[in-house]
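Structure first, commentary second.
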Amino acid sequence: MSRTNNIWAVVPAAGVGKRMQADRPKQYLALAGTTVIEQTLSRLLESEAFTAVAVAISREDPYWPELKISGHPQVITAPGGKERADSVLSALKALQERAAEEDWVLVHDAARPCLTSGDIHHLIDTLQEDDIGGILALSSHDTLKRVDAGTISATIDRSHVWRALTPQMFRYGMLRDALQEAEGNAAVTDESSALEMQGYRPKIVEGRPDNIKITRPEDLALAQFYMEQQ
Ligand code: C5P
């Protein structure tokens, strides 16, 4: 496939983050002097890899319009959906006038604020000429167990198991079609799984272990620590 000039970022940010037990969605919690989502978006914008960043925001979200970054000329706001996949599809649709079918899209969780510019460019450089695309992922250092009804039934060969991170990088048209066909399927928890259901075999690109997703309260302190180390 041909090399295209525009690369787009899509950021699903319409989740409520119940596991944080906080008074607001986790993307609006304080981190390194700003908020989680401002850190995430600044890193995407500062990488200078993207023509624009489409952010999916819940219709009931009072916090987003208050942030200066929501008015950034390269930031496009789209309505969020019921599930993560619905939010991603909505953000893709917000780009439809500007994106070509072959353009690359990098989908990145709002809740992963420690993403480095190095990892963004590593992913793009590795997959730029690929037909399908792929994802940042981490190999597993722990021994992994299959558990049924609270007891271990098997040890899984860890050389075959990777942890899926974001960004996940796919062609605009292919990703839109795969998400549309997978609509309502609860097994689609990331973009790659939608492509896999179509029979595609996305690539993995090893990412940095500090690209954590803020999920539990203690993750904020960990993210702060990683940012200081970076
Ligand atoms: O809840 P979880 O951490 O898996 O969410 C991953 C990302 O997907 C978060 O950035 C969250 O805001 C986003 N999301 C969304 N729309 C939903 C659910 C989650 O944009 N309906």
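Computed from the coordinates by the stated procedures, all read-outs in this text should not be read as laboratory data. What you see is a predicted model; the values in this text were computed from it and never measured. Every residue, glycine among them, receives a Cβ derived from its backbone with ideal geometry; neighbour counts consider all protein chains shown.
What about A9, is it away from the ligand (no atom under 15 Å from the Cβ) and either among the small types (G, A, S) or in contact with a helix residue (DSSP H, G or I) (Cβ under 6 Å, 6 or more places away or on another chain) (or both)?
Working: away from the ligand (no atom under 15 Å from the Cβ): no; either among the small types (G, A, S) or in contact with a helix residue (DSSP H, G or I) (Cβ under 6 Å, 6 or more places away or on another chain) (or both): yes.
Against the criterion (away from the ligand (no atom under 15 Å from the Cβ) and either among the small types (G, A, S) or in contact with a helix residue (DSSP H, G or I) (Cβ under 6 Å, 6 or more places away or on another chain) (or both)), A9 does not qualify.
Evaluate region 161-177: report whether one residue or more is part of a strand (DSSP E or B) and surrounded by fewer than 14 Cβ atoms within 10 Å (Cβ to Cβ).
Yes, region 161-177 contains at least one residue that is part of a strand (DSSP E or B) and surrounded by fewer than 14 Cβ atoms within 10 Å (Cβ to Cβ).
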Which pairs have Cβ atoms under 6 Å, sit 6 or more apart or on different chains, and link a residue in region 69-98 that is surrounded by 15 or more Cβ atoms within 10 Å (Cβ to Cβ) to one that is of a type in the set (S, T, N, Q)?
-> A78/S90; P79/S90; G80/S58; G80/S87; G81/S87; G81/S90
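Quick grid of which residues meet (1) in contact with a helix residue (DSSP H, G or I) (Cβ under 9 Å, 6 or more places away or on another chain); (2) aliphatic (A, V, I, L, M):
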position	(1), (2)
T116	yes, no
I120	yes, yes
L144	yes, yes
A149	no, yes
V161	no, yes
T166	yes, no
G207	yes, no
Please determine, by comparing only the residues of region 24-42 that are closer than 27 Å to Q96 by Cβ and within 14 Å of the ligand (Cβ to nearest atom), which one is surrounded by the fewest Cβ atoms within 10 Å (Cβ to Cβ).
-> E38
Residue list for region 194-230, restricted to those being part of a loop (DSSP other than H, G, I, E, B), loosely packed, with under 14 Cβ neighbours inside 10 Å and more than 17 Å from the chain's Cα centre (by Cα) = Q198, G199, R201, R216, P217, Q230
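Here is a yes/no grid of residues against (1) more than 8 Å from the ligand (Cβ to nearest atom); (2) in contact with a Ser or Thr (Cβ under 9 Å, 6 or more places away or on another chain); (3) in a helix (DSSP H, G or I):
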residue: A22; (1), (2), (3): yes, no, no
residue: A54; (1), (2), (3): yes, yes, no
residue: I69; (1), (2), (3): yes, yes, yes
residue: T77; (1), (2), (3): yes, yes, no
residue: K93; (1), (2), (3): yes, no, yes
residue: R112; (1), (2), (3): no, yes, no
residue: L115; (1), (2), (3): yes, yes, no
